[in-house]
Amino acid sequence: MADNVRGEADGPSDISACGEDISGPTEMTENNTTQTNDKKKKNNIMKSVRRRLQLVGEMSPLSPKNKTPNSKTDRTNVGNDLGNSSDSPVQSPASPSEEQFAKQESGRWKLRFGSKKENTSKQEQLEVCTEVVMSSEEKKSEVTGGTTEVWKLHFLPEIPPVPLSVMQINNLIKNNALEDAYVNILSLRNEVQCEQEELGEKAFPAELLNKEKDLTLLYNNLRDKLTEIVQQSCAQPSCDKELLVQVAGIIQEEEKRERDEGKMGEWRDVWRAAIQRGVKETLKEIPLDSREQNASWLAVHLGQVGKVIVVQLEKVKAELTSSYPPSFNVFETYVSTFHNAVGEHLKGLMEKVTEVKDYYALLDFILNRYHSEKIMGSNSLQPELKEELKTLKLDNDFLDQIKNAYCDHLQADVRSSLDNIIKLEHDEMWKDKNKPQINEELYLSHIHMDILMYITGPIQASSMLDVKLEHRVMCCCLHELKEFPKRFETAFVQWNKTLLDPALWAEYHITYINSFRNLKEQIESYRQKCPSQVEQLAKEINGLVNILSQALLEHFKTDTKPLLKMMMTRKWLSSEEVFQQLHKRIETLSQQCKHMSPQHAQEFVSDVHYFVVREYISQLMKNNYSCKNRKHEEAATKIRVQWRELCELFQEMNSVQRWLYPVGNHLQKIIGERKESEIKNYLQPLVEDYPDFSKKHLSAVLYFRGVTRGRQRQMILQKLSDLKQHANDGSMQHVLFSGMEAAASTDLVNMPCSCLFPNTGN
């Protein structure tokens, strides 16, 4: 380093060709050269001073018209008053005299703060910033606590003709004497430039190359010190405003030199980078618990991040902005820096997130909390924080990445939750064979409410984040729910195979019919936004309800078919036991259906009604018994009484199959008619009500009546044929006899009965 060449002593230093020779007598040529260089150097210094004084004079009420230096000597004296005289020997800054200290202090670019009222009397001398002339509108850079802080004139110390040693300058940097260090660096820079200009294209000597290295080293050390000061200015409880003023002055001076050299923004970029590092360090210091320490680790951390942002920006607004010229846009710079730093901080947090609630916390912080009055919208940051600066701007890919992960994990959580519902149903009901609860006369399980809770909860929560995200979450939940009915059916069917209590078995089926119908009604509210998903889910639910309903119906059929097959027999005619058993089974089902959803009960009861009527009537078609010796009248009476009881049962059950009620009466009239010749008179109303009543069905009824042969039988059958020829088959609305099997006729209708069959009686 050049310290070895220049040394640290206060004695004479070795000066370059551009410096002042104080070593003793020399040749005339060397004296002339030295004097010429001194003059150039002094002229450069004086030009810089004059420019600053000219700015002051243009704005001051003591304008050039009122007070202008009368001569070059006056200007020079002013310049000398603002700094060290070029003719005086350079003193070590370690022990400056009071006179020199006063001169440097008077010429230093300073900031003074006070109320607007206090500054009025001094406004003439204190109206300019270093790089711009401020208008009356620009004087107020910040308003803090009702006090107007105004930027005022500040000068750097004069550049000394001979720089201090490298070690001395470096010590000044370490001791935060930034302005003194900077002007000495500029002096060393001028010295190096002068030597380079004198050498021209000649090779640079080692001494000059060492000076260049020293100059680079000092600049780097100065940048590092500026970075350290700026980086810590927001983190410390209170900042040294004088240091920040010096930082701003140095940056502005270097920017002027950059413009002269065709460079732009290097020093300002260093300043911004220092702010970025400071903000990042601030965010890193915020406590972050692990998932094991706190289940809400991320939500708590993000809440603390928001508080730190507000506190830091409040400090920037109250303290830091007044330490910089307005052109630095300090507050806006810190806001944008926090935006960028928070974005990077969130990316780091994203790598730690594995649960839905934490993805939601991230999205809520980004989409809701960050720009709200809790953080960027805080009243303490207004009105400086403009609306367009409040929103956290992230890469679309990053935000989409969070949303995708949120939806994927949410869908997996919904699937797991639905599986847990089946386990819960097993533990609470199936395992101990508990009877279902009755709510408003209906069997109900909590299963549909549990399902809705797991579906509507995420949908409502996502609606508070983003409309598009709400729609996406809604579709994901409905899609996942679409698979649930089949999984439930498999588990329920597998379990109820072991259930031996038929009444409890039926109650469980009715319970889940009710619950899933309720679920279907609830999801209809999502049809407008997700029509396709709702339609698919409705089909799955309808499928499950139909399976449960059909199982219940088949269970009833299995239970009653043996009883119905015993109707229209000799035993049936002589006993009421079989019918009473049938009546009891229907009555039991009727009581159970009272706890079924009314809309579904009506449909289910109608199916039961149709089944009972068809099976009861079909027993007449099987030729199991033929009434002899006027027993047909007894059979008709029995049919009439039983039919009335059945009709009463299904009326109480609110069956809508009213068209089934007349058939029993039509048939019992045919069976109970004493005169065979009068039977054909009952055929027309029967055919009108039941167009599908055929010749084979009438033949079977006549067989049961005891009309097994004879001319009257043929005439009755022919009458039916005639009626059906004139009947309108296209008007058939209901089908009862179609497909109902009938036993083959025992007589040959085309031959005289007396020729074929003897009269055998009973």
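The values are calculated or read from the model by the stated rules, or taken from the named source; none is laboratory data. The structure displayed is predicted, hence computed values, not measured ones. Note that we place each Cβ from the backbone using ideal geometry, even for glycine, and neighbour counts take in every protein chain shown.
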> Can you name every residue in region 528-582 that is of a type outside the set (A, V, I, L, M, F, W, C) and in contact with a Leu (Cβ under 7 Å, 6 or more places away or on another chain)?
Replying inline: Q533, T560, Q581
> Do you know which of the residues in region 488-545 that are loosely packed, with under 13 Cβ neighbours inside 10 Å and of a type in the set (S, T, N, Q) is modelled with the lowest pLDDT?
Replying inline: T498
>> Suppose we filter K584, K561 for residues that are surrounded by fewer than 17 Cβ atoms within 10 Å (Cβ to Cβ) and within 30 Å of T708 (Cβ to Cβ); which single one remains?
In response: K561
> Any chance region 428-439 includes a residue that's in contact with a helix residue (DSSP H, G or I) (Cβ under 9 Å, 6 or more places away or on another chain), assigned by TED's automatic domain parsing to the domain that holds K497, within 25 Å of K594 (Cβ to Cβ) and in a helix (DSSP H, G or I)?
Replying inline: yes
> How many of the residues making up region 665-719 are in contact (Cβ under 8 Å) with a residue 60 or more places away in the chain and in a loop (DSSP other than H, G, I, E, B)?
Replying inline: 2
> What do you reckon, is K347 among the basic types (K, R), in contact with a Leu (Cβ under 8 Å, 6 or more places away or on another chain) and part of a helix (DSSP H, G or I)?
Replying inline: no
>> Which numbered condition in (1) assigned to a loop (DSSP other than H, G, I, E, B); (2) at pLDDT 90 or above is the only one that E212 fails?
In response: (1)
>> Please count how many residues of region 489-536 are under 30 Å from the mean Cα position of the chain (by Cα) and either free of Cβ contacts under 8 Å to residues at least 12 places away in the same chain or in a helix (DSSP H, G or I) (or both).
In response: 18
> If you scan region 197-246, which residues turn out to be among the polar types (S, T, N, Q) and closer than 25 Å to F331 by Cβ?
Replying inline: T227, Q231, Q232, S233, Q236, S238, Q246
>> Checking the conditions here, which among V414, V473 is closer than 30 Å to S372 by Cα and assigned by TED's automatic domain parsing to the domain that holds R527?
In response: V473
> Across region 290-309, what is the total count of residues that are surrounded by fewer than 16 Cβ atoms within 10 Å (Cβ to Cβ) and either of a type in the set (S, T, N, Q) or over 16 Å from Y360 (Cβ atoms) (or both)?
Replying inline: 7
> Which ones in region 537-596 are closer than 30 Å to C477 by Cα, in contact with an Asp or Glu (Cβ under 9 Å, 6 or more places away or on another chain) and part of a loop (DSSP other than H, G, I, E, B)?
Replying inline: none
> Going through region 449-486 one residue at a time, which ones are within 11 Å of C407 (Cβ to Cβ) and of a type in the set (V, I, T)?
Replying inline: V473
> Which one is modelled with the lowest pLDDT, of the residues in region 246-304 that are among the acidic types (D, E) and in a helix (DSSP H, G or I)?
Replying inline: D260
> Within region 720-737, restricting attention to residues that are in a loop (DSSP other than H, G, I, E, B) and of a type in the set (A, V, I, L, M), which residue is modelled with the highest pLDDT?
Replying inline: L736
> Does N496 satisfy the criteria of being farther than 20 Å from K423 by Cβ and of a type outside the set (G, A, S)?
Replying inline: no
> Does region 685-710 hold any residues that are surrounded by fewer than 18 Cβ atoms within 10 Å (Cβ to Cβ) and touching a helix residue (DSSP H, G or I) at 6+ places or on another chain (Cβ under 7 Å), and which are they?
Replying inline: P685, D689, K695, G710
>> What are the pairs with Cβ atoms under 9 angstrom where one residue, in region 158-182, is in the same structural domain as C194 (by TED's automatic domain parsing) and of a type in the set (D, E) and the other, located anywhere, is surrounded by 23 or more Cβ atoms within 10 Å (Cβ to Cβ) and not in a helix (DSSP H, G or I)? Sequence gap at least six, or different chains.
In response: E179/L156; D180/L164
